[in-house]
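The next block holds one structure in the form of structure tokens; read it before the comments.
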């Protein structure tokens, strides 16, 4: 874990160094960053901190917006961004094909486009910063299989905040690639987005179905696992849990044995890097590459993440 963090830090410094020289001569650049997330979600709070830090360090203006899952609002923000003719646009892609016309219009206007958090390479965007979500799902499934925590005939509980969203579809496809050949099934369950409702729905499912394992497909459902177990009287570790771990609550759940392993997307770096890439592109540097921000951590490697949150 420490090695990966050092590599990310080195990458950030390098990008900043490459982008910095023109500041004295060039007008201040403007970038639009459009997220489908909610501004109060744990992941997006950390992401926003990273994005704001990049904007400050690179001396650029950033217009950051959160649509809270409202695709129409994000589409309006994207088209408004194109009309403003900024130096670059960064966006998430909560649904495949959502931004095909917008990316085309941006490219025709000479505006670089970088995707972050959720990708749609078919749009022709120039770069992506985030995890390979299909591989994330496969990684979780392989962890359960390799550690003999699930077997043929088991049905694994897959709680998610937004069924049908791009992240759920991609993660489930990865899970299926591992589980289907082994005769292990899975149940994608809508837990909703309200924190209290998530806990109630997950608790009800656990009591009614007694699943052999859980893969938490989103950070909100992952951070609810401790309270779900405590409410249902389930001992930590008695039901193996893997999934996302981009919150302090989940990192602490890993430390305390509620989670076997969780995935970290380096939220702050995922906010910083799109700004750095857009700054490079706006300075004439080619950016035809992706930056993967993904690592699996467990009880033995959670400490650096807990230290980050302690700050």
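Where a number appears in this text, it was derived from the coordinates with a stated rule and is not lab data. If you're wondering where the values come from, they're calculated on a predicted model, not measured in any experiment. No Cβ is skipped: glycine too gets one built from the backbone with ideal geometry, and neighbour counts run over all protein chains shown.
A compact table of results
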| read-out | value |
| --- | --- |
| Sorted by Cβ neighbour density within 10 Å, fewest at the top, the residues 129, 188 | 188, 129 |
| The chain: angle of helix 195-209 to the longest principal axis, Cα-based, in degrees nearest 10 | 30 |
| Percent of beta bridges antiparallel (DSSP, the chain, rounded to nearest 5) | 10 |
| Which of 277, 149, 98 has the fewest Cβ neighbours within 10 Å, and the rest in rising order | 149, 98, 277 |
| Packing-based exposure ordering (other Cβ within 10 Å, fewest first) of 71, 202 | 71, 202 |
| Solution diffusion estimate, µm²/s, Stokes-Einstein, the chain, Kirkwood Rh from C-alpha pairs, 25 °C, viscosity 0.890 mPa s | 123 |
| Per-residue [θ]222 nm for the chain (sum of -39500 (n - 2.57) over DSSP H runs n ≥ 4, rounded to 500) | -14500 deg cm²/dmol |
| Mean-position separation - Cα centroids, the range 269-291 and the range 146-214, in angstrom | 35 |
